[in-house]
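Here the structure comes first, spelled out in structure tokens, and everything after it is commentary.
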Amino acid sequence: MRPAGAVLLCVLIFSVPIDPSLAQFVQLVSARKYYTLYLSSGPNGGQEPLLREIFLSRFRNFGPTFLNSVWHDELPGQPYLEYRDSIDGKPIPARKIGNAYWDQVAFPGGREIELRTDALQRVLPRDPARKIDFFEDSIQWSGWRPPIEDYWIVVDLGKMYASFRRAPAFGLGGSAPPAFPEFLANQVVRVLPAGYRVQGSTIWWHFRRIYAPQGFTTLHVEWKAWYR
């Protein structure tokens, strides 16, 4: 199931480098990462996919108050259309240095904070000779005091599915538009990591009580670009 078309790539990396001497004090209590794919009007009258991201990370500091750098990387040539961070609902300034957005985040001693990132990214074509689009994210959960109580990853395909149902082919007297399970089976080529669940028009993963949070995994969603 790999037809010809344009390949699109989106890679998003969220990093929090904690000093090893301080990592023992800071627990990543929970993380919720929401991704929404949808089509928007392109510059040449066509349609292009966009990716809306909302990341919510809750931290608990069992040690002294300290400042730490947090950053998001973006790929060269694929800049964010929108990017903003906030702590407990209060905006914090982000500086762009090279291909990364940097924040200085205060971790108050004996307290919890929630870091929220809202971003919008255009997914750009890599190879006009092929018609498979995809995005990836590096899901990192290393460097924190265990355990991570909850880690959610949610990919909302509802808007992409609605656009597919409105495709001209379904208005020409052919077969009826497919239900979402058929769309997922026939139009979404690949989803990683394994073990996801489906609810409505979303696919999701939920990890609980992670006591050995070493390394990272890769979120990968790949689909047929019928709109090209």
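State all residues of the stretch 56-76 that are under 18 Å from the mean Cα position of the chain (by Cα) and loosely packed, with under 14 Cβ neighbours inside 10 Å; if no residue qualifies, say none. Even if it seems obvious, please write down each step before you answer.
Narrowing the stretch 56-76 to residues under 18 Å from the mean Cα position of the chain (by Cα): 56-58, 70-76.
The answer is Pro76, and nothing else.
Conditions first: (1) under 21 Å from the mean Cα position of the chain (by Cα); (2) surrounded by fewer than 18 Cβ atoms within 10 Å (Cβ to Cβ); (3) not in a loop (DSSP other than H, G, I, E, B). Gln104 passes all but one, so which condition is the exception? Checking Gln104 against (1) under 21 Å from the mean Cα position of the chain (by Cα); (2) surrounded by fewer than 18 Cβ atoms within 10 Å (Cβ to Cβ); (3) not in a loop (DSSP other than H, G, I, E, B), the one that fails is (1). Taking every residue in the stretch 90-109 that is over 13 Å from His72 (Cα atoms) and pairing it with any residue that is part of a strand (DSSP E or B) and basic (Lys, Arg), at least 6 positions away or on another chain, the pairs with Cβ-Cβ distances below 8 Å are Pro91/Arg84. For Arg95, the test of being open to solvent by 70 Å² or more (accessible area, probe 1.4 Å) and basic (Lys, Arg) is passed.
Conditions (1) of a type in the set (Ser, Thr, Tyr); (2) at pLDDT below 85, marked per residue:
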site	(1), (2)
Trp152	no, no
Tyr161	yes, no
Phe164	no, no
Ala169	no, yes
Leu172	no, yes
Ser175	yes, yes
Pro178	no, no
Glu182	no, no
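Number of residues in the stretch 184-228 that are at pLDDT below 95, open to solvent by 50 Å² or more (accessible area, probe 1.4 Å), within 18 Å of the chain's Cα centre (by Cα) and hydrophobic (A, V, I, L, M, F, W, C): the value is 4.
Going through Glu82, Glu53 one at a time, which residue ends up being open to solvent by 50 Å² or more (accessible area, probe 1.4 Å), assigned to a strand (DSSP E or B) and among the acidic types (Asp, Glu)? Let's see the steps before the verdict.
Numbers: Glu53 fails: open to solvent by 50 Å² or more (accessible area, probe 1.4 Å).
Answer to the check: Glu82.
The values are calculated or read from the model by the stated rules, or taken from the named source; none is laboratory data. Treat the numbers as computed from the prediction; the structure is a model and nothing was measured. Ideal geometry is used to build each Cβ from the backbone, glycine not excepted, and the neighbour counts take in all protein chains shown. Note: accessible area is taken over every heavy atom of the protein model, side chains too, but ligands, DNA and RNA are not part of it. Shrake-Rupley method; radii C 1.70, N 1.55, O 1.52, S 1.80 Å.
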